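The values are calculated or read from the model by the stated rules, or taken from the named source; none is laboratory data. Bear in mind that the values here come from a model prediction, so they are computed numbers and not experimental data. When we count neighbours, we look across all protein chains shown, and the Cβ atoms used for this are built from the backbone with ideal geometry, even at glycine. Ligands, DNA and RNA are excluded from the accessible area calculation, which covers all protein heavy atoms including side chains. Shrake-Rupley method; radii C 1.70, N 1.55, O 1.52, S 1.80 Å.
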Amino acid sequence: MTAAAPIVSVEAVAQRFGPRTIFHDVSFTVNPGEVFVILGGSGCGKSTLMKLMIGLRPPSEGRILLHGIDLGDETRRAEALRRIGVMFQSGALFGSMTLLENVMLPLQMYTDLPEDGCEAVARVKLGVVGLGESTLLMPAEISGGMAKRAGIARAMALDPPLLFLDEPSAGLDPITSAGLDRLILDLRDELGATFVVVTHELASILAIADRCIMLDRVAQGVIATGNPRTLRDDSTQPTVRAFFRREAM
Amino acid sequence: MADPIAGIDVESTDAGTCLRLHGRLDAEGVGAIWSAGLEAAGNAEVGALIADLTAVDLCDMAGAAFLLALESAHGTTLELAGESPGTRALLDRARKTVRPPSQATEAAEKAGFDPLAFLRDGLRSAAEGVAFLGEAVVAFASLPRRRRMLRLADVLRYADQAGVRAVPLILLMGYLIGLILAFQSAIPMRQFGADIYVANLVAISLLRELGPLLAAVILSGRTGSAFAAEIGTMKVNEEVDALVTMGLDPMTMLVLPRLLAVMLVMPAMTIVLDLAGLAGMTTVMMAFGFPPEAIAIQVKTAATVQDLMGGLFKGVCFGMAVAAVGCRAGLSTGVGPRAVGQSATAAVVGGIVATILLDGTFAVLFYRLGL
């Protein structure tokens with residue numbers, strides 16, 4: 001039996017802003033159905049790497065493939081991006097629309113579902129993330145945790161096989177944060193979705209990640225790859241040890 | 001033609017109605033069969049509704065939503081046949097979590113224009129406006145005790161923003177209004193040989209009425225909206241809350257400097273507009289063959305210092321109203337990105353309405369006082 005082709009391939013990617021190198025020579029793959037976490041301290045380039053992976057900007061060097069499609073290939077880029085969902089750190093909900101309308105938007109734009117069908121599907125997505133009773137609220141009327149969950153519902157609107165989540169647990173209380181972790185695992189198990197999660201929340205990383213890479217600001221690149229529990233227990237790399245043991249350096 | 005990505009066959013059996021689904025039940029697939037499926041479920045005879053998923057290749061959350069919609073259209077719990085454990089889990093999760101919209105929210109969504117609510121909101125808004133004016137007066141009266149809170153630099157900055165930077169626009173508007181007013185009135189008056197009196201008409205109109213009124217309209221569009229947007233953004237960013245927690249009165253820190261600045265610049269703006277309007281009128285009159293000396297004599301005869309002073313007084317009052325409405329709209333800003341836009345709109349509309357109302361009041365008052 002052959003292993004499934006990676007759903008994400010990052011190949012020798014570097015990002016520079018002027019003379020400043022954020023990271024270089026970053027390579028990894030993400031397999032279908034796994035929760036892959038990009039972790040690291042503040043300023044190491046986690047969010048920048050995610051922006052490259054979701055096609056918001058091209059890398060300075062290297063290439064990124066989603067579903068086997070090179071994001072640098074302008075003719076097929078839209079096809080690759082159509083099959084991903086992205087949850088931004090703040091939720092990035094459209095403030096002039098209710099939560100229901102936010103989730104309905106991609107369905108209205110990309111499917112032939114009639115209006116009541118879009119609404120029914122959007123209600124299911126919001127129900128799944130625990131916002132079944134808040135569908136008619138405006139983004140300004142909900143808490144940060146609810147906004148993140150609504151952001152996930154919108155990211156899942158078209159049931160993309162690949163979801164990118166930027167800091168899903170940041171700024172949330174432990175109970176809400178644990179609820180989001182549970183949701184990610186449930187969606188992975190029930191839908192077979194693949195998750196790429198950017199976070200530095202240790203509890204979340206250990207709860208959800210099948211594999212991870214750790215970026216480091218000083219090394220300007222990847223300093224560890226593997227299962228986070230293994231890294232926590234066995235890594236001899238000082239920064240990795242300090243990160244997982246919450247030690248000052 | 002390519003095969004549809006999903007399909008549905010309806011079959012009546014002794015046990016009830018069986019919907020045989022095939023293909024992919026994802027957002028794309030259910031889009032193709034949504035209406036047909038709901039129609040079939042709605043028309044199905046009384047009895048069980050069975051969804052046969054044996055030939056379904058994939059069922060995601062859109063598929064689960066479709067199955068729930070079938071259930072809802074038929075009015076009974078859907079029986080599944082040939083479903084995968086994943087599909088069953090998804091449907092169970094959807095059943096547990098989806099709430100139909102409550103009657104209250106549906107009613108609220110369907111509610112149209114309510115004149116009573118409109119009137120109530122209008123009265124509440126007027127009452128809040130009066131309260132705001134009261135607070136502004138109190139803040140003004142408390143200024144000697146809170147001199148430090150009123151920053152002169154802010155007053156000058158707002159005066160520059162509201163007045164100096166508006167001069168080119170005021171010159172243009174004033175000149176054009178004077179020009180148009182003179183031209184439109186000169187044509188009929190010429191038929192009576194009274195075209196020299198166009199100078200009298202335009203001078204009185206500008207000095208008593210149009211000068212302060214147009215200056216206030218320009219102020220409302222340029223400055224009232226800017227005040228609302230600035231303060232509204234501060235409100236959204238919790239900067240106003242920060243002032244309060246520091247024990248600083250937003251009325252003194254944010255509203256009074258703007259009110260004072262507008263009070264300072266409004267007379268100057270009115271005079272500039274008056275002069276530009278008179279220049280426009282002079283251009284037309286000269287084009288009709290009147291010498292500048294004759295026009296000046298007519299203006300001097302018609303317009304008095306009282307007219308000018310009355311106009312300037314009105315200008316100051318209009319300016320204060322526009323600034324107060326703008327600041328109040330800013331401080332009343334709600335939450336969310338739409339709120340700042342709404343406040344700016346409210347400032348412009350409210351500023352113009354307040355100006356016209358005040359103008360009407362002054363017209364009656366000046367008449368009664370014989371001014």
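Here are a few things to note about the model shown:
- Criterion applied to A:L185, A:L215 was being within 14 Å of another protein chain (Cβ to nearest Cβ), in contact with a helix residue (DSSP H, G or I) (Cβ under 7 Å, 6 or more places away or on another chain) and of a type outside the set (S, T, N, Q), and the one residue passing it is A:L185.
- Filter result for the condition that a residue is at pLDDT below 85 and either open to solvent by 60 Å² or more (accessible area, probe 1.4 Å) or within 14 Å of chain A (Cβ to nearest Cβ) (or both), over B:R99, B:R120, B:R157, B:R165: B:R99
- Residue in the range A:10-28 that is surrounded by 15 or more Cβ atoms within 10 Å (Cβ to Cβ), in a loop (DSSP other than H, G, I, E, B) and without any contact (Cβ under 8 Å) to a residue 40 or more places away in the chain present: no
- Residue within the range A:137-153 that is on the phi > 0 side of the Ramachandran plot and in contact with a helix residue (DSSP H, G or I) (Cβ under 6 Å, 6 or more places away or on another chain) present: no
- Filtered residues of the range B:345-371 (kept if of a type outside the set (A, V, I, L, M), in contact with a helix residue (DSSP H, G or I) (Cβ under 9 Å, 6 or more places away or on another chain) and within 14 Å of B:G315 (Cα to Cα)): B:G351, B:T355, B:D359, B:F362
- The single condition among (1) open to solvent by 40 Å² or more (accessible area, probe 1.4 Å); (2) assigned to a loop (DSSP other than H, G, I, E, B) that A:P59 does not satisfy is (1).
- Residue selected from the range B:77-92 under the condition touching a strand residue (DSSP E or B) at 6+ places or on another chain (Cβ under 6 Å) and more than 10 Å from chain A (Cβ to nearest Cβ), by the criterion nearest to A:L187 (Cα to Cα): B:E83
- Residue in the range A:144-162 that is under 19 Å from A:I38 (Cβ atoms) and part of a loop (DSSP other than H, G, I, E, B) present: yes
- In the range A:94-118, the qualifying residues are those that are facing chain B (nearest Cβ under 9 Å), open to solvent by 20 Å² or more (accessible area, probe 1.4 Å) and in a helix (DSSP H, G or I), and the one that is farthest from B:P337 (Cα to Cα) is A:D116.
- Of the numbered criteria (1) open to solvent by less than 10 Å² (accessible area, probe 1.4 Å); (2) within 11 Å of chain B (Cβ to nearest Cβ); (3) within 18 Å of A:L187 (Cβ to Cβ), the one A:G91 fails is (2).
- Residue under evaluation A:T75, criteria (1) in contact with a helix residue (DSSP H, G or I) (Cβ under 7 Å, 6 or more places away or on another chain); (2) farther than 25 Å from B:G29 by Cβ; (3) more than 7 Å from chain B (Cβ to nearest Cβ), criterion not met: (1)
The rows are residues; the columns are (1) within 14 Å of chain A (Cβ to nearest Cβ); (2) touching a strand residue (DSSP E or B) at 6+ places or on another chain (Cβ under 7 Å); (3) crowded, with 18+ Cβ neighbours inside 10 Å; (4) over 22 Å from A:D116 (Cα atoms).
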position: B:G16; (1), (2), (3), (4): no, yes, no, yes
position: B:L19; (1), (2), (3), (4): no, yes, yes, no
position: B:S35; (1), (2), (3), (4): yes, no, no, no
position: B:A41; (1), (2), (3), (4): yes, yes, yes, no
position: B:D57; (1), (2), (3), (4): yes, yes, no, yes
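- Summed over the range A:163-182, the residues that are part of a helix (DSSP H, G or I) and either within 14 Å of chain B (Cβ to nearest Cβ) or in contact (Cβ under 8 Å) with a residue 60 or more places away in the chain (or both) give a count of 2.
- Number of residues in the range A:119-129 that are more than 7 Å from chain B (Cβ to nearest Cβ) and open to solvent by less than 10 Å² (accessible area, probe 1.4 Å): the value is 3.
- The residues of the range A:132-155 that are surrounded by fewer than 24 Cβ atoms within 10 Å (Cβ to Cβ) and within 9 Å of chain B (Cβ to nearest Cβ), listed by number, are A:G132, A:E133, A:L136, A:M138, A:P139, A:A140, A:E141.
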